[in-house]
1. Accessible area per residue, 1.4 Å probe, Å², for the chain: what's the number?
2. Could you tell me which of Ala34, Thr194, Gly179 has its Cα farthest along the dipole of the chain towards the positive end, charges placed at Cβ (Lys, Arg +1; Asp, Glu -1), taken about the Cα centre?
3. State the Kirkwood hydrodynamic radius of the range 31-87 in Å, one decimal place, computed from all pairs of distinct Cα atoms.
4. Kindly identify the chain as rounded, prolate or oblate by the Cα gyration tensor criterion: order the square roots of the eigenvalues as a ≥ b ≥ c, call it rounded if a/c is under 1.5, otherwise compare a/b with b/c, prolate if a/b is larger, else oblate.
5. On average, how much area does the Cα convex hull of the range 111-204 cover when viewed from any direction, in nm²?
6. Multiply the residue gap between Ala34 and Leu139 by 0.36 nm, knock off their C-alpha separation, and tell me the result in nm, one decimal place.
7. Contact order normalised by length for the range 130-204, with contacts defined as Cα pairs under 8 Å and 6 or more residues apart; what percent is it?
8. To the nearest 20 debye, what charge dipole does the chain have about its Cα centre, counting +1 at the Cβ of each Lys and Arg and -1 at the Cβ of each Asp and Glu?
Amino acid sequence: MTVDQQVNDAPTVVPRRRSRRDEILEIAVGLFAARGYHGVSMDDIGSAAGVTGPALYHHFAGKEAMLVAALVPVSEGLLDGGRRRTAENPGNPRGTLESLIDFHVDFALANPAVIALHLHELDRLPQEPRRQIRRLQRLYVEEWVSVLTALHPTLSAGEARVLAHAAFGLMNSTPFLGGEVDRQRRAALLRAATIAALSGDPDS
């Protein structure tokens, strides 16, 4: 079989079409991030989404359900993505660190409203989903800790967590960045700053 035949015979990957539920959730997240959880009603969300009454509740039981739907999958996706990147570069902590940074910077630039929601509204969640999110976050941090302690053998795990959280603070600044710098340049600046913060000698 020729290369051309292999290409032609390869299955076509069709991007998943966004559902109406996805669209409503995105609108709700944007409103929550802009006005605060208590500043937004279900009527506000329905009006912005062009959905009223029973049709809106067909997708979500209420605002609390929207928060859960917005924040839990994000935490799951970060952990899955972090694990994939640490598995891709065994024995190469510097390369793994750069891959993790690229991954998180891309996420932060694509999801500033979700980051703002997490920063300000996580405590609105019921106990169980909040506990689930906290657990997923801790596991994601540990992926970074394992890389940082491999890159800097003199670091304790606790010290590596300090650096990891500091890096998240830097990368997760996207909700507060203006639009005067284009996205590609913002990505380059965030990436370079985070690499500089984490790859140098922490004791120097």
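1. Here the residues of the chain average 57 Å² of exposed surface.
2. Farthest towards the positive end: Ala34.
3. After inverting the mean inverse Cα-Cα distance, the result is 13.0 Å.
4. Values: a/c = 1.97, a/b = 1.33, b/c = 1.48.
Since a/c reaches 1.5 but b/c is at least a/b, the shape of the chain is classed as oblate.
5. One quarter of the hull surface, i.e. the mean projection, equals 7.1 nm².
6. On the way: separation 105, 0.36 × 105 = 37.80 nm, distance 2.90 nm.
Difference between extended and current length: 34.9 nm.
7. Numbers: 31 pairs, mean separation 22.2, N = 75.
Over the range 130-204, the number comes to 30 percent.
8. Working: 22 positive and 24 negative charges, 69 e Å.
Around 340 debye, computed over the chain.
The values are calculated or read from the model by the stated rules, or taken from the named source; none is laboratory data. Only a predicted model underlies this, so the values are computations on that prediction, with no experimental measurement involved. Note that each Cβ is placed from the backbone with ideal geometry, even for glycine, and that neighbours are counted across all protein chains shown. Side chains are part of the model used for accessible areas, which takes the heavy atoms of the whole protein and leaves out ligands, DNA and RNA. Shrake-Rupley method; radii C 1.70, N 1.55, O 1.52, S 1.80 Å.
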